[in-house]
Amino acid sequence: MGIRDTLYQIDGQGYGTYRQIRGIHRLDEFQLSVDKVQVDPYAPASLMRVILPSGVVDLPNELIDDPAGRVATSDFLTRRFAQAIRKGSSVSIGTPGQQVLQRSSVVIGQNTVEARIAVDLPAAGRRIRGRQAAQILTEELPHIVANSLKFQHLNAQALADHVSLYRDQEYLRGVLAANRLVGFVGDGSILPRRSGDSDTPLADEAVPFFAPETLRVSFQLPSGRTVTGMGIHEGVTVIVGGGYHGKSTLLGALSRGVYPHISGDGREWVITRADAVNIRAEDGRAVTGVDISPYISGLPSGADTTSFSTTNASGSTSQAANLVEALEAGATALLIDEDTSATNFMIRDDRMKQLVAAEKEPIKPFIDRVRPLLTERGVSTVLVAGGSGAFFEVADHVIALDEYVPVDVTSRAHDIAGKHPVADNSRRLASVFSHEAPQRIPLTHGMGAQGKKKPATARGRSVIQFGRERVELSAVAQLIDPAQTAAIAFAMDRIAEQLDGQVSLVEAITALLAKVENEGLEVLSPHHGHPGHLALPRRQEIHSAINRYRHLQLSS
Ligand code: ADP
Ligand code: MG
């Protein structure tokens, strides 16, 4: 019996009877796999997969013959699928935002293309509306599928452009390091967003970004296109300017620049090194066994800062921990905004030095560490500092924003400071990183949450429920999509299973991400069939989530 007949037959019965449609059904051009049926009308929607033979989808090979092409093509198909769903429909798909990420929503396999959808099965009270369900699954759904997943019905040029843009962006990101750049901001970019809670571009009033001549670089890309823009060089770059002149907007765009953006976003050509991490203060967070001693030592509590743990970090200790953890996760570039920094972590002025003796001050301010980070660790910093000229003397480049227009003021800033960073600066060039920060190794049950039976789950973008523990991620600036958070939640479970008291946190994450690269995002999910709405997070954000888990236990 076909699914349509089954649905007609169970019309009017108790909602639980929907269970009968679990399994695989043949519809005209595709198979519908009903993987999880909601138990009642108010439960999360039922999870299903639309499975099409590759021949029916008929994508041109040149679009999908490399991983980048497949990511971009899947993203395109997902967006078209979402657009083909009419308003108020009970069908949904994990919908992408302004960034292009590897997602579980549409997967292009060897022989099939799969769309992973959710369907709210209709009810009248607690009774099945079988006829309506049949209409949704056997009429509406095939219509959506035909219009969005079959190449013949797609705008071929738009798809080719989408793939080509993504390939160009990833190419540029890939060559930044060889060009000794940490970031690139293309000429004509629109950096400001419509509002504080929107990720879409500010429309009419936005002043487009154009590079100062002295910092302009250009790249020829695989598509043949050439882009020009501001190169942010390895070293220390300080962004200055009056309040409200666009400093944080530039830094924010660079933070998001670790991800590729869709055409029309305005940040298509804001490209940042893949490992760059935004570092901020985050008082109240938990810290477990982090060596913050290069930045903070001799706390009045007597706490050991070579393996610092706290359930309630201060502004400065949290910022130090965020920094050290970012380096542990492999960051080669740090992005820091004064707006979200602890002042005492960043600088200490001469008057304060006179008043409070150095040996009473546990904090070695970042201004004394930013050059050793570069010279001893190869880590570059991009720093917004509108409030203090102290950073002039440690900066390789100083960029002023003047009514949103970037100006290279490096030589003036150096003149004012009376110093050049590579000249007399012995105090700041002294070796401060005497030892490599140790790799943290969790205990076998180091992430075994008490009373944890269910898989970890995401609650929106910024919270993971891990057993009884809420892992708070609102300060993790480069976690951008709830589907990434969902993937991180599952990743935490997979990593918890791998721990054996030998493997380090970073090794465990590396091994898991290698598996994802080979086998897909599905390897993260505990569910068969539909894996949930997942998007690929960076290793840095997986690391961030585990770092914020309050019961992480390390082998000492
Ligand atoms: P700052 O950090 O220098 O104080 P912000 O980056 O917070 O400044 O920007 C202040 C305001 O200006 C924000 O509302 C932002 O959206 C807007 N803005 C930033 N850059 C531009 C731009 N290029 N064109 C127009 N408005 C902008
Ligand atoms: Mg600001």
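The values are calculated or read from the model by the stated rules, or taken from the named source; none is laboratory data. Source: prediction; values computed, not measured. Neighbour counts run over all protein chains shown; Cβ positions are idealised from the backbone, glycine included. Areas reflect the complete protein model, heavy atoms only, side chains present, ligands, DNA and RNA absent. Shrake-Rupley method; radii C 1.70, N 1.55, O 1.52, S 1.80 Å.
Taking the Cα centre of each part, how many Å lie between segment 431-500 and segment 395-415?
39
Against the globular-protein guess of 2.2 N^0.38 Å, express the Cα radius of gyration of segment 3-154 as a ratio, rounded to two decimals.
Normalised Rg, Cα atoms only: 1.07.
Let me check I've understood the local charge: for T214, count other residues with C-beta under 13 angstrom from its C-beta, Lys and Arg +1, Asp and Glu -1. What total comes out?
Its environment carries a net charge of -1.
For a protection proxy built on the mean count of beta-carbon atoms within 10 angstrom, sort 480-493, 229-242, 340-353 highest first, please.
Values: 480-493: 24.7, 229-242: 22.8, 340-353: 16.7.
Per-residue mean Cβ counts within 10 Å order the peptides as 480-493, 229-242, 340-353.
What's the magnitude of the charge dipole for segment 436-481 around its Cα centre, counting Lys and Arg as +1 and Asp and Glu as -1 at the beta-carbon? Answer in Debye, nearest 20.
In total the dipole reaches around 340 debye.
Excluding residues on the same chain fewer than 8 positions from K360, give the aspartates and glutamates whose Cα lies under 18 Å from its Cα.
D304, D349, D350, D368
If the reach is capped at under 16 angstrom between alpha carbons, list the lysines near K353, excluding any in the same chain fewer than eight residues apart.
Counting by Cα, and skipping residues close in sequence, K353 has these lysines nearby: K364.
Using packing as a proxy for protection, rank 294-303, 516-525, 166-175 so that the peptide with the highest average count of other Cβ atoms within 10 Å comes first.
166-175, 516-525, 294-303
Please give the net charge around D275, taking every other residue with its beta carbon less than 11 angstrom from that of D275, where Lys and Arg add +1 and Asp and Glu add -1.
Charge balance near D275 sits at +4.
So what is the orientation-averaged projected area of segment 448-556, using the convex hull of its C-alpha atoms, in nm²?
Taking the Cα atoms of segment 448-556, their convex hull projects to 6.6 nm² on average.
Nearest-5 percent of antiparallel DSSP beta bridges in segment 280-400?
40
Among all the lysines, which ones have a C-alpha under 21 Å from K454's C-alpha, if same-chain residues fewer than 8 places away are not counted?
The qualifying lysines are K36.
To the nearest 20 debye, what is the magnitude of the charge dipole of segment 3-154 about its Cα centre, counting +1 on the Cβ of each Lys and Arg and -1 on the Cβ of each Asp and Glu?
Here the size comes out at about 600 debye.
What whole-number value in Å² describes the accessible area per residue of segment 57-213 for a 1.4 Å probe? Walk me through the numbers on the way to the answer.
On the way: 6890 Å² over 157 residues.
Dividing the accessible area of segment 57-213 by its residue count gives 44 Å².
Roughly how far apart, in whole Å, are the Cα centres of segment 306-323 and segment 501-518?
Segment 306-323 and segment 501-518 have Cα centres separated by 25 Å.
How many angstrom separate the Cα center of segment 1-73 from the Cα center of segment 227-244?
48
From Cα coordinates alone, what are the radius of gyration and Dmax values for segment 432-483 in angstrom?
Taking only Cα atoms of segment 432-483, I get Rg and Dmax of 15.2, 45 Å.
Near S33, within a Cβ-to-Cβ distance under 11 Å, what is the net charge of the other residues, with Lys and Arg +1 and Asp and Glu -1?
Net of charged neighbours comes to +3.
Give the carbon-plus-sulfur fraction of the accessible surface of segment 3-154 in %, rounded to a whole number; probe 1.4 Å, heavy atoms of protein chains only.
45
Looking at segment 251-395, I'd like the Rg to Rh ratio, where Rg is from alpha-carbon atoms and Rh is Kirkwood's inverse mean 1/r. List each step's numbers first, then the result.
Numbers: Rg = 16.1 Å, Rh = 16.1 Å.
Using only Cα positions, Rg/Rh for segment 251-395 is 1.00.
List the extent of the Cα atoms of the chain along each of their three principal axes, largest first, rounded to whole Å.
Projected onto its principal axes, the Cα set of the chain covers 85, 54, 38 Å.
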